Amino acid sequence: MADKIAMDLLGIAQQGLQQAQGQFNQSAQRIAQIGLNTGQSQTPADSFNLSDAAVSLLSAQNQYEANLGVAHVADQMQKAAINLLA
């Protein structure tokens, strides 16, 4: 039972890590596009706020770290379950 829970937690953590990576990539692309648009004389159609992008990057980092913690706990649970069976 504990092994099944640990596997479920690992799957949840992996999905969370992927979502955090996607959020990070999107924010990084938006920041990179600012550098490309600075030479243009007209304002881009999308208004962009650098502080919003920074908050998004920090949020992605926090999500990533939290999901790594979940993966670590799941690993410890799996090891404990194996030790109980041995």
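When ALA66, ALA2, ALA6 are checked against the criterion of being surrounded by 13 or more Cβ atoms within 10 Å (Cβ to Cβ), at pLDDT 95 or above and closer than 30 Å to LEU85 by Cβ, a single residue qualifies: ALA66. The C-beta contact set for the range 26-39 (first residue under 18 Å from LEU57 (Cβ atoms), second residue exposed (fewer than 13 other Cβ atoms within 10 Å of the Cβ) and at pLDDT 65 or above, distance under 8 angstrom, 6+ apart or interchain) comprises ILE31/LEU50; ILE34/LEU50.
Among residues of the range 72-86 that are closer than 12 Å to LEU10 by Cβ, those with a Cβ under 7 angstrom from a residue that is at pLDDT below 90 and among the β-branched types (Val, Ile, Thr), sequence gap 6+ or separate chain, pair up as MET77/ILE5.
The values are calculated or read from the model by the stated rules, or taken from the named source; none is laboratory data. Please read these numbers as outputs of a predicted model, since none were measured by experiment. Heads up, the Cβs are rebuilt from the backbone with ideal geometry, glycines too, and the neighbour counts pull from every protein chain shown.
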